[in-house]
Amino acid sequence: MSRHWHLEYSGNHAVLTLDVEGQSANVLSQDVLNEFDKHLEELESKMLAGAIIRSGKTSGFIAGADVREFVTITDPARATEFAQLGQQVCARLEGLPFPSVAVIHGFCLGGGLELALACTYRIARDDPGTRLGLPEVRLGIHPGFAGTVRLPPLVGDLSALDMMLTGRTLSAREARRLGLVDEIVPERHLLHAAETFLKSGTPRRKAPWYRRLPAWKPLRQGVVKLMSPRVRRKAHPDHYPAPWRILDLWRDRATEDREAESLGELLVSRTSRNLVHVFLLGEALKRQGKAQAHDIEHVHVVGAGVMGADIAIWAAHKGFRVSLQDRAPEILARAVKKAHGFFKSKLKDPRVVQEAMDRFMPDLEGHGLRRADLVIEAIVEKVGPKQELFRMIEQKVRPQALLATNTSGIPLEEIGEALQDPSRLVGLHFFNPVAKMQLVEIVRGARTSEAALGRARAFTGAIERLPLDVKSSPGFLVNRILMPYLLEAVKLVEEGVSLITIDQAATEFGMPMGPVELADTVGLDICLSVAEELSGPLHIDVPAKLRELVGQDHLGRKSGRGFYRYDARGRRQTPAPEKIAVDVPVTERLVLRLLNEAMACLREGVVTDADAVDAGMVYGTGFAPFLGGPMSYIESLGVTGISHSLHRLLQEYGPRFNPDSGWSRPELLKRGLRPSGQA
């Protein structure tokens, strides 16, 4: 009996359909691979014209290997055996005595694409939902089912390296241009096209000679040397070894055995473990966004500044009707211009761009309020104006409309005082830039209803963002944890430590951007506003340097000057990098203030568990993903050691390093978001 694969014969060819039992998407577990191998063994003895490999899932072809099995593999030898199993099955598929064709729709990723590469031909459905790629590098590994061997001759070496090093996915049309698929056709023609290719006798595709030229032995080392600086900018070899292994395997023209052995070593490494942890957290948040319907069609955004405009543009991009309100016509005009530029760059097709613009409506008078299913407030970060606005909104909107604020830290209870029914008020805290930052904090006020929270999560999932539940408290989760880290950087500046030294310390630790440049990017006026909001309840001292710069209108990148200077295009003007000062514990001071505040948030119940802290800080700030998030990093270091370090810094630098009482409660580190997903 087959649980996952269904074999049938149609005329003189076989059709193998994958429909993994109990999963919404096809993934390649050991069980699935073993079952496939048995079917291939049966087919080897048949006199057939060909075999068609397809998916029975509407979600796509194959989304990759089953990541849940990764978590159970702790031994490099066992990980190598898993890769060898995939290689053996793909080799058997490639070696069938007749041609085979993969019929691809939806996601064809990782091991799924490697399986398709073993087929003689690949036919893809021509629609935007078809995506092909090898994203393994994002999990700290590389292709392991002979993908590093089969892909370069098919698409050319530089294209193959780009796919494997970046993990980016290709549309069906991009894949066709590259030679990754042989043909793209509409859904109704897929099987006919597959049968046509099986009858054609067309030889396997190969990239033209000039695209395979970089693999010429005398050129390989030079290619690696040219690519290494670009790879290093994205992936420090000590933090992310997988891209460097990909370059090594390609340069050495490594065999499948070497690929499997390398994968085995990487799969059980700290980096891969933590990246898998982060991936599974993201999958868990996605499921929360899909758990309930939202019944939202029309979104009305009040405030067309940077955040309001970006939220409105993103919602329209994801298919919602959006009206954007502001008191200033010139601000609305800028938002419309920005929307057109964004849609043009993302959607390409003029007709599709126009459809998106038709969904995006500037609304000076606020007429959209009466039709809105969801209203998002994104005005100045002050309680008074927000309360006044919500009083007006409540009088105009329909009773079933969901009300949301994009406040970055004001407790919802204060804003909700202006409403007759605060149960319909929820926080939807987006992060800047909206188009890149995946996290949205779903803020629960004391009187927010479960129905409102559910609709907010579902809307967040519908716009392809990750909803994270947080309790209404000063700064919520992300800004609260981030602010002591940023303010400690300002303290270091006041002590005379150079900007470059501070930012280098953070980026060498693994942060995507140094705290000084991050503050400039967020806006020093916003940093000051949040710091002042938190200063009372969290007993935070606001550095005089921050007040001084804001008082001089040096607000950061947006004003051309903050801690750094910026050119007209917003590029940072900095002196040459220098060595980190050895007499000041820069990294320790920055990171321990962040970890201490993360523990305080966990103790106070701002989020439910340690997983939520990790998810919030990785997806909301880019906290070193290879470390798995703050709480995973704490577990790797040990609670006792961190507590002792904080006590030492307390003696040297004062009460801001006073260890939170949560350090004495190890039960707080319990995990809550359950691992499940695919890659």
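Summary of computed values
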quantity	calculated
HN-Hα J in Hz across segment 384-396 - Karplus 6.51, -1.76, 1.60, θ = phi - 60°, x for Gly and Pro	x, x, 5, 4, 4, 5, 5, 4, 5, 4, 4, 6, 9
Relative contact order, percent, segment 5-268 [alpha-carbon distance under 8 Å, six or more residues apart]	20 percent
Table column - 3J(HN,Hα) (Hz), segment 276-288, Karplus curve with 6.51, -1.76, 1.60, x for Gly and Pro	5, 4, 5, 4, 5, 4, x, 5, 5, 5, 4, 4, 5
Computed over segment 277-412: relative contact order in percent, which uses C-alpha pairs under 8 Å that are six or more apart	27 percent
Packing rank of 622-630, 488-496, where each peptide gets the mean count of other beta carbons within 10 Å, highest leading	622-630, 488-496
Separation between Cα centres of segment 17-36 and segment 427-496, rounded to whole Å	37 Å
Options (1) 50, 25, 23; (2) 53, 33, 27; (3) 46, 31, 24 - which one matches semi-axes √(5λ) of the Cα gyration tensor in Å as calculated here	(3)
Percentage relative contact order, the chain, counting C-alpha pairs under 8 Å, at least six apart	11 percent
Global geometry of segment 127-283, whether rounded, prolate or oblate, following the gyration tensor of its Cα atoms and the 1.5 cut on a/c	oblate
Angle between the chain longest axis and helix 350-359 axis [Cα atoms, degrees, rounded to 10]	40 degrees
Rounded tilt (10° steps) of 256-267 against the dominant C-alpha axis of the chain	20 degrees
Computed helical MRE - 222 nm, the chain, DSSP H runs ≥ 4 contributing -39500 (n - 2.57), nearest 500	-15000 deg cm²/dmol
Over 22 Å between alpha carbons, listed pairs Lys234/Lys670; Lys382/Lys471; Lys386/Lys491; Lys344/Lys386	Lys234/Lys670; Lys386/Lys491; Lys344/Lys386
Nearest 10 degrees, 0 to 90: helix 450-462 Cα axis against the chain principal axis	50 degrees
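Where a number appears in this text, it was derived from the coordinates with a stated rule and is not lab data. None of these values were measured; they are calculated from a predicted model. Here Cβ is always computed from backbone atoms with ideal geometry, including for glycine, and neighbour counts include all displayed protein chains.
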